[in-house]
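Please read the structure below before turning to the comments.
The values are calculated or read from the model by the stated rules, or taken from the named source; none is laboratory data. Note that the structure is a prediction, hence the values are computed from the model and not measured. Using ideal geometry, Cβ is built from the backbone for each residue, glycine included, and neighbour counts are taken over all protein chains shown. Quick note on the areas: whole protein, heavy atoms, side chains included, nothing else; ligands and nucleic acids left out. Shrake-Rupley method; radii C 1.70, N 1.55, O 1.52, S 1.80 Å.
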Amino acid sequence: MRSYVVFVVLVFLLIGGFYAIITRTREAHVAPEPEIVVATFEDAGNGKPLYPMLDASALDAAADGSSTLDAGPPGKLARPLRVAALGWDVAAPGLVEPAASLQVTAVDATSDIESRIGRGGGDPDGADIAVVPLASFVASYEKLKALQPEVFLVVGWSRGREVILGSSGATLGKLSRTEEVRVTSGGIEAPTMLALVAFDAVGVAPDKVRVLPFAPDDKKPFFVMADRASLDGGTVGAGPSGQKVVLTSADAARAVPLVAFAARSFLDAHPEDVTSFAKQWFSGNVGVRADAAGASRKIAAMPKAPEAVFLLERLGQMEPAAADDLAPELLQELVRHEMELWRAAGSSGGTAVSALPVATATLTALAKPGPADAGAKPAPAIGPKRGGNVLLVRRESPPDGKLDEEAFGATLAWLATVFDRSTIRVTVKGTGRTHAVVSAAIERLHLPARVIEGEGQPATGAATIEVLAAL
Amino acid sequence: MARLRDEDDDLKKKPNAFVLAHGIVKAIAIVVGGFGTMVAFMSLVGIVTGNGYARLVIAALLSIGIPAFLTDRFLPKEDPLRALGLPTDVFALFYLGFTFLYVVLCHAGTKSLLVREADRERQAAWVMPARVVYFFAATYPVPAPASATPAGKASTAPSMSAAPSAPTPSAPAPSAPSPSTSGSK
């Protein structure tokens with residue numbers, strides 16, 4: 001009996017419910033777009049990648065130039081230029097001054113950037129240009145290599161978003177090249193690159209760095225690479241578990257440039273649009289700097305944007321590119337150095353690139369206008385400071401004890417570039433050698449006045465370079 | 001020979017065709033009703049939180065826990081033979097009944113909840129489930145018209161920072177950088 005009753009009730013509910021639903025008047029509803037989903041780069045189990053927009057045929061087509069990915073016909077774009085930026089703060093210059101010719105989307109993850117660039121700007125969910133930290137470009141390069149992505153512009157610098165924390169006893173001033181350096185990583189590219197640059201600056205060999213999945217329980221020193229926003233409470237100077245900040249991108253801003261990149265086919269087909277984008281972006285930079293609070297409020301009012309106070313904090317941790325940041329040599333050096341670091345760290349999974357993925361045409365086109373077209377005026381020259389906290393120490397200890405002055409000068413130049421506000425204090429072993437080496441390097445390489453001679457002799461090795469905190 | 005009692009009707013052999021039909025109807029009821037019940041509970045939890053994991057887990061717990069509790073209450077402890085098929089009956093009735101109640105009878109009050117749930121699922125790229133939920137809510141999704149999305153308006157994602165394609169282990173060899181960098185700002 002029960003079975004029959006249940007059967008009848010179920011049939012009634014099924015038929016009645018189905019009838020009631022399909023006979024209703026259905027209304028249109030403006031629905032949100034699905035988020036870009038890129039699961040992993042793994043096989044789906046059937047031999048096909050889970051990365052639908054970059055399957056083999058599309059990659060092959062892109063590689064031989066007959067790309068099905070829309071670079072658009074040559075000449076002026078007949079549609080808005082689509083830009084994807086990694087983070088609302090990075091996207092700010094494109095959001096505060098809307099333009100009919102520019103469509104800017106802030107995305108949350110590097111995988112979203114990869115997916116959008118892979119789709120191309122012809123797809124409403126794609127992008128022609130991406131604006132990201134250079135570290136994210138480097139990390140994505142292998143995945144996007146078939147598109148021949150090229151960095152064509154530095155749009156700004158990160159000043160303090162990325163943080164290296166050290167446990168008790170862990171400082172970059174006391175690192176030895178022979179001791180193991182333990183780090184934990186949150187898996188975010190920009191802080192990781194900052195750490196790679198810092199360890200490289202100190203001279204730590206790659207095989208001396210060990211990445212741990214979690215903070216160790218013992219009391220030996222270790223470092224943590226993190227985005228400031230991920231620190232509990234965002235406390236400056238202190239991180240979780242009592243770790244202290246040892247270096248930030250505010251100290252080494254040139255370690256974390258924010259760059260714009262696009263597929264080479266797009267850059268070649270639409271140079272005018274790219275130059276126009278650069279000018280619009282710099283104009284937006286000026287607008288953001290002029291009224292950061294207003295920009296934060298305006299962006300916070302957009303759907304799914306974070307709170308204005310959070311945006312304001314993040315905007316304060318960025319600096320727009322200045323006119324002299326448009327030098328092609330600077331961009332090339334930054335890209336070359338960071339790609340080498342990333343590859344040496346074993347992260348790119350690929351072989352050395354045959355040619356730097358840098359396009360300088362836009363920089364050349366922008367070089368003619370004056371500083372007003374960049375995001376900010378050049379900062380005043382920083383005077384040297386004899387004392388102050390030591391951020392890191394690099395000791396040169398060549399096997400034969402003889403200092404290679406040319407290589408040493410190049411190292412000085414790189415450190416002065418990366419730590420663009422810090423005093424670089426140099427001491428060289430041997431009476432009078434400090435003055436001779438430093439003055440020769442300054443003259444040959446046009447080093448800034450922040451590179452100064454230290455007093456006394458280096459404690460160990462042939463020479464010592466100390467990077468002092470700017471403030 | 002002992003005769004079956006009235007309450008032993010359930011133990012009498014039923015026609016094979018009916019058994020087959022009953023099984024099919026129950027299976028459909030459990031699948032369709034189960035989905036509807038999950039979505040209904042997720043939309044209710046969505047009043048409190050938009051977190052996908054929270055909605056999913058709480059809805060799953062309710063969807064399984066309530067009919068399991070009812071089954072336990074209805075199971076005749078002293079006569080296990082009469083319980084044959086009872087759990088699936090309870091689950092099928094609960095799932096389909098709750099879905100009918102939520103989607104059909106209470107449509108006026110639950111439509112907005114279902115639409116919001118479908119929006120969330122669509123945003124999470126669960127496009128097919130979202131389509132079904134829109135169907136339950138007597139709506140169909142349309143993309144935003146171009147004029148409603150002015151150029152420069154961002155379309156996705158909050159928060160900052162990048163994602164996990166992190167490197168491994170080592171820091172690089174100390175490189176002698178090119179002297180082409182002037183070092184001057």
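Output the number of residues of region B:50-72 satisfying the condition of being closer than 15 Å to B:V90 by Cβ and small (G, A, S).
Number satisfying all stated conditions: 3.
So in region A:295-304, with the set limited to residues that are in contact (Cβ under 8 Å) with a residue 40 or more places away in the chain and open to solvent by 20 Å² or more (accessible area, probe 1.4 Å), which one is farthest from the other protein chains (Cβ to nearest Cβ)?
A:K298
For region A:153-161, state whether one or more residues are more than 9 Å from every other protein chain (Cβ to nearest Cβ), modelled with pLDDT under 85 and out of contact with any His (no Cβ under 8 Å at 6 or more places or on another chain).
For region A:153-161, residues more than 9 Å from every other protein chain (Cβ to nearest Cβ), modelled with pLDDT under 85 and out of contact with any His (no Cβ under 8 Å at 6 or more places or on another chain): absent.
Taking region A:157-196 as the region of interest, how many residues are in contact (Cβ under 8 Å) with a residue 40 or more places away in the chain and on the phi > 0 side of the Ramachandran plot?
Summing the residues that are in contact (Cβ under 8 Å) with a residue 40 or more places away in the chain and on the phi > 0 side of the Ramachandran plot in region A:157-196 gives 2.
A:Q332 fails exactly one of the following numbered conditions: (1) at pLDDT below 85; (2) within 20 Å of the chain's Cα centre (by Cα); (3) surrounded by fewer than 23 Cβ atoms within 10 Å (Cβ to Cβ). What is the number of that condition?
It is condition (1) that A:Q332 fails.
Out of (1) of a type outside the set (F, W, Y); (2) assigned to a helix (DSSP H, G or I); (3) at pLDDT below 75, the odd one out for A:V90 is which?
Condition not satisfied by A:V90: (3).
Among the residues of region A:93-127, how many are more than 10 Å from chain B (Cβ to nearest Cβ), within 22 Å of A:N285 (Cα to Cα) and outside any loop (DSSP other than H, G, I, E, B)?
Adding up the residues that qualify gives 1.
Look at A:S101 and say whether it is of a type in the set (S, T, N, Q) and either modelled with pLDDT of 75 or more or within 25 Å of the chain's Cα centre (by Cα) (or both).
Judged against the criteria, A:S101 is a match.
In this structure, does A:G87 turn out to be buried (at least 24 other Cβ atoms within 10 Å of the Cβ), closer than 14 Å to A:N285 by Cβ and within 20 Å of the chain's Cα centre (by Cα)?
no
Table: residues versus (1) surrounded by fewer than 19 Cβ atoms within 10 Å (Cβ to Cβ); (2) free of Cβ contacts under 8 Å to residues at least 40 places away in the same chain; (3) polar (S, T, N, Q); (4) in a helix (DSSP H, G or I).
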site	(1), (2), (3), (4)
B:V57	yes, yes, no, yes
B:F91	no, no, no, yes
B:S112	yes, yes, yes, yes
B:V115	no, yes, no, yes
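For region A:264-304, list the helices (runs of 4 or more DSSP H) that sit wholly inside it and hold at least 3 residues that are touching a helix residue (DSSP H, G or I) at 6+ places or on another chain (Cβ under 7 Å) and of a type outside the set (D, E, K, R); which are they?
By residue number, A:271-290, A:292-300.
Would you confirm, using the coordinates I've provided, whether B:D89 is modelled with pLDDT of 50 or more, facing chain A (nearest Cβ under 7 Å) and over 16 Å from the mean Cα position of the chain (by Cα)?
Spelling it out, B:D89 is indeed modelled with pLDDT of 50 or more, facing chain A (nearest Cβ under 7 Å) and over 16 Å from the mean Cα position of the chain (by Cα).
Count, please, the residues in region A:133-152 that happen to be within 14 Å of chain B (Cβ to nearest Cβ) and among the polar types (S, T, N, Q).
Summing the residues that are within 14 Å of chain B (Cβ to nearest Cβ) and among the polar types (S, T, N, Q) in region A:133-152 gives 2.
Sort through B:T37, B:T71 and tell me the only one that's at pLDDT below 95 and β-branched (V, I, T).
Of the residues listed, the single one that is at pLDDT below 95 and β-branched (V, I, T) is B:T71.
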